[in-house]
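Q: Take a look at this one; I'll ask things after.
The values are calculated or read from the model by the stated rules, or taken from the named source; none is laboratory data. Quick caveat: nothing in here was measured; it's all calculated off a predicted structure. Please note: Cβ atoms are built from the backbone with ideal geometry, for glycine as well, and neighbour counts cover all protein chains shown. What goes into the accessible areas is simple: the full protein's heavy atoms, side chains included, and nothing from ligands, DNA or RNA. Shrake-Rupley method; radii C 1.70, N 1.55, O 1.52, S 1.80 Å.
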Amino acid sequence: MTGTLNLRYAIRVLLKSPGFSLVAVVTLALGIGVNTAMFTLVNSVLLRPLPYRDPGRLAAIDQAYTMDGREAFRAWSYPRFEDFRRLNSSFESVAAFAAVNVSLTGAADPEQVKTECVSSAYFHVLGADAAKGRTFSADEDRTPQAVAVISDKLSRSVMGQTIRLNEIPFTVIGVLPRDFRGVSGDADIWVPMAMAPAIYDNPKRLTNARSYWHQVIGRLRDQVSFAQANAASRALDPEIQKAHPAPGRMQEQTQVGSLLEAKIDPALRRSLLVLSGAVGFVLLVACASLATLLLGRSMARQRETAIRIALGATRSMLIRQFLTESVVLALTGAVAGLAIAHWGVDLAASLKPGLARGFWSSYARAVDRDAARLDLWVVAFTVGISMLTAVLFGLAPAFKASRVNVSQHLHNLRRISLRNALIVAEVALALALLAGAGMMIGSLGNLLHTPVGFAPDRLATAHIDLPARRYKPGQVMQFEERLLAAIPGQAALANSLPLTGQSEATALGIEHAEPAQNTGVHVVSPGYFAVMRIPLRQGRWLTAADRAQSPNVVLINETAARTLFPGENPIGRHINLASDWGPPGELKEIVGVVGDVKYESMESPVGVDVYASYLQYPYELMFIAVRTPGDPAGAFGEIRLAVTSLDRDLPVTGVMPMQDRFDAAASRLRFVAELLGVFAGLAVLLAALGIYGVVSYSVAARTREIGIRMALGARAATVLRSIAVDGLILAVAGVAIGWPLALWSTRALASMLYEVKSGDPRILAAVSTLLVLITLAASYLPARRAARVDPMIALRHE
């Protein structure tokens, strides 16, 4: 009964002060909303279980290869996998899979779809059964059979049909449950691993122990931990190594870990954890801001509280009443916070942070709006955090209000009080957030102004993959020459585009020396450099005369010239590349040096790059780049028309402006910088609201004092300056405490900063000045109002 009366009274009191209640609810909604949004993202990327049977027992089993102490890659060859499958005793079953894009024809328009080549145990490991038909049998591991299992989404267009994958007809034998997309997360077709040689057009795909191309997953046996499985798997390395020695100086080691952990990009995890800490600061600022408002409001309610005490109310009764009001505010703020969280998740997902270069994306969990849902866990988090905030911002005002002296009311803004301590804490927390946001925004600005070596504007890009079963090397070159002739305007081809991280890597040697220098190899059409606006620094360009019958020639970038030929003229010198690029020891003459271009990421330093002509090294997977006089979107139709005029069954993918690829390269830094900026702005707004509210209530409480001072001759400017100085003192104290807090908190950003040092004093000084000015602005309005008080009215004020 008492609780009901407290609730009714709390609602009545809050409705009597709509302005205060609105500010309080908005403050809480912002603090709770951004925390709920961030928890939603963290839950979807880091915490949500995998959508498989007993996902905690699923393991990613990697073979990591290192050279000279640095990791080179992680992948399995099929003979090694077969040995591991036969020898291991830690897993009840293991399965191999490889994600590959294939050309799908025989249904509607030709398209490229994500396909997984899998061993038959794959579906058993994941605990997935076909919704219709069946999955693969052990026989289909041993004997190549052109059968396929498809996703529920794809079944609507190809069910009951024969489909062609890379020109090979496959019979659909099963449909998987709705939303099953495989370990890669976006697959639509699954084919037996035994069909990999045909899919890849590589007869030795399953027999070459040095062909590293697929991954392995497994399901742990009961009572076996990941640590035990890891130790047991490493114990098998010597036997597997003996049967299949690693190439050259490579060293290998089997590594077992949680499949969920393997799917999380470490850089994205770090970004989300940093942002989670930032929204925690926002919530603390919101709580402090609301606590200061409640403390200030309690001054206006001291008469009411004193009367209630005089009528017999106990301290515990007053505390319960004030906490009830806090809970009502918190729950109302939580409801509004859910709406803000929904918008916040949309905002964060729209930024689409990219994965760190080098992270194997077939496992990756990304920030995805469809996966980031406000589910029951999120609602429970919101309710829990709203109750926590109710205690945080309500308890101190409740205790303070319950200690009212019935016979005496003393008001002194300058004395050290809980209100002042809360304001100082708000300023300190806001400074830490502003400092972090300033450093990330500075890093983003530096990154966006980093020279990338080419001009991304007015460039249309697309991608084609010529099926090796239909296009032999000579036919590849002929098709690509005809394609360039069919595209209007300036067009070029390249096996990799800048900022995509898709460069072919190999080893390079000078003259006849053993290849040892890691280098990126770019197969391009001669017009590539003009289309991309890459400058020639020395020598000549590649030309149409550089063909198969001509001497092998290459261009190198400036970094290669400095690294390989320091202080020398590289023109006329020769290099040789590893066996994938011609017969062993075949020399290639350097005929030109071009400007450096960033192919990996904007943050990464430029490496050694070599450019070869597609007329000498035909390449099946090529990007198309077209420079346009205006909007690149106008060229997309022309690219598709040119491709289909030559091959109607060839899908065109990755159609987008180069500017979009440029923006995607900065997306991860932009994700953190923009969200930190939003959080810092909210913290400053909340701190300003708290300061404004406290100064307003304090001015109202001092109305009689101000009237007496002005009646005795004090000027309005003196009163205004006195109140503004009070706010300035609190701001300076908050900044003083905030500096070490900012220095400590921004250390977490060190690995994400670009050409900005953690704790940069210039940024700290700038945000400190900004915060002091905002604090002064928040104090100015109530101070100006106080300076206009009529002394006669003030002297009659109670």
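Q: Taking H as built 1.01 Å from N, whose amide H comes closer than 5 Å to the amide H of residue 147, not counting residues under 5 places away?
A: Sorted by chain and number, the residues that satisfy this are 171.
Q: Between the range 250-284 and the range 568-603, what's the alpha-carbon centroid distance in Å?
A: First find each Cα centre; the distance between them is then 37 Å.
Q: Which value results when the Cα radius of gyration for the range 525-639 is divided by 2.2 N^0.38 Å? List each step's numbers first, then the result.
A: On the way: Rg = 15.5 Å, N = 115, 2.2 N^0.38 = 13.4 Å.
Here the Cα radius of gyration is 1.16 times the empirical estimate.
Q: Then there is this: What order, most packed first, do the peptides 595-602, 565-572, 443-450, 608-615 have when packing is the mean number of other Cβ atoms within 10 Å of each residue? Don't skip to the end; give the middle numbers.
A: On the way: 595-602: 20.4, 565-572: 11.8, 443-450: 16.5, 608-615: 22.6.
Sorting 595-602, 565-572, 443-450, 608-615 by mean packing, highest first, produces 608-615, 595-602, 443-450, 565-572.
Q: Shifting gears a bit: Check the straight Cα-Cα distances from residue 114 and name the lysines below 29 Å, setting aside those fewer than 8 residues away within the same chain.
A: Qualifying lysines at Cα under 29 Å: 132, 153, 204, 263, 352, 472, 598.
Q: For the ranges 28-39, 674-685, what's the packing order if you count other beta-carbon atoms within 10 Å of each residue, average per peptide, and put the highest first?
A: Values: 28-39: 26.7, 674-685: 22.5.
In decreasing order of mean packing, 28-39, 674-685 become 28-39, 674-685.
Q: What does the charge add up to near residue 193, with Lys and Arg as +1, Asp and Glu as -1, over the other residues with Cβ less than 11 Å from its Cβ? Please report the intermediate quantities before stating the final value.
A: Numbers: positive: 142, 205; negative: 82, 116, 140, 141.
Net charge in that neighbourhood comes out at -2.
Q: Find, to one decimal place in angstroms, the Kirkwood hydrodynamic radius of the range 494-585, where the mean of 1/r is taken over every pair of different Cα atoms and then inverted. Please list the in-between numbers first.
A: On the way: mean 1/r = 0.0695 Å⁻¹.
After inverting the mean inverse Cα-Cα distance, the result is 14.4 Å.
Q: OK, next. Between residue 54 and residue 221, what is the label-point separation in nm under the 7 Å Cα-to-beta-carbon projection?
A: Once both label points are built, they end up 1.3 nm from each other.
Q: Let me ask something else. Please report the carbon-and-sulfur percent of the accessible area for the range 94-151; probe 1.4 Å, protein heavy atoms only, DNA, RNA and ligands left out.
A: Details: 910 of 2100 Å².
The computed percentage sits at 43.
Q: Same structure, new question: Determine which aspartates and glutamates satisfy two conditions relative to residue 757: a Cα distance under 19 Å, and not lying fewer than 8 residues away in the same chain.
A: 603, 674
Q: Now a separate question. For a quick protection proxy, order the peptides 204-216, 133-145 by their average other-Cβ count within 10 Å, most packed first.
A: Details: 204-216: 18.6, 133-145: 15.3.
Going by the mean number of other Cβ atoms within 10 Å, highest first, we get 204-216, 133-145.
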